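J.: Provided herewith is a single structure, encoded as structure tokens, for subsequent inquiry.
The values are calculated or read from the model by the stated rules, or taken from the named source; none is laboratory data. In this text the structure is predicted, and so the values were computed from the model without any measurement. Note: ideal-geometry Cβ built from the backbone for every residue, glycine included; neighbour counts use all protein chains shown.
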Amino acid sequence: MSDRFLFLIVFFLAVNLLAFLVMFLDKVKSKKSGAERISEGMLFFLAAAFGSVGVYAGMFAFRHKSRKWYFLIGIPILILQNCAFLYLLFLFVSEKILIFN
């Protein structure tokens, strides 16, 4: 396994763990009155920045944002987008696609 591939795996896991913890933090803050919450835009940004699996897991682990239709539809779409991009990145890193000859 190459170092670049290992880096991609560790990066993906770290971003998803961060997204999962942010969902937990927002759930805790939602129970406190007057607490400053994490915006839905930030949650979607984390999902778009390769944290979609962590956000999706946090939605159901903590029952947070799971009733919002745009989370129920948007996060799975971002999971597909993340997987497609990671697959292309994997092909590029494994040098099966040569962009620059």
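J.: Can you name every one of the helices (runs of 4 or more DSSP H) wholly within the chain that holds 3 or more residues which are modelled with pLDDT under 85?
T.: So the answer is 3-31, 69-93.
J.: Do we have any residue at all in segment 3-24 that's surrounded by 14 or more Cβ atoms within 10 Å (Cβ to Cβ), farther than 18 Å from Leu78 by Cα and among the acidic types (Asp, Glu)?
T.: The answer is no; no qualifying residue exists.
J.: Here's something else I'd like to know. Restricting attention to segment 40-61, and to residues there that are within 11 Å of Val22 (Cβ to Cβ), over 8 Å from the mean Cα position of the chain (by Cα) and not small (Gly, Ala, Ser), which single residue is surrounded by the most Cβ atoms within 10 Å (Cβ to Cβ)?
T.: If we take residues in segment 40-61 being within 11 Å of Val22 (Cβ to Cβ), over 8 Å from the mean Cα position of the chain (by Cα) and not small (Gly, Ala, Ser), then Leu43 is surrounded by the most Cβ atoms within 10 Å (Cβ to Cβ).
J.: Give me the pairs: first residue in segment 28-51 and free of Cβ contacts under 8 Å to residues at least 40 places away in the same chain and farther than 24 Å from Leu89 by Cα, second residue surrounded by 15 or more Cβ atoms within 10 Å (Cβ to Cβ) and among the acidic types (Asp, Glu), beta-carbon distance under 7 Å, and six or more apart or on different chains, which are they?
T.: Between residues of segment 28-51 that are free of Cβ contacts under 8 Å to residues at least 40 places away in the same chain and farther than 24 Å from Leu89 by Cα and residues that are surrounded by 15 or more Cβ atoms within 10 Å (Cβ to Cβ) and among the acidic types (Asp, Glu), the close pairs are Arg37/Asp26; Ile38/Asp26.
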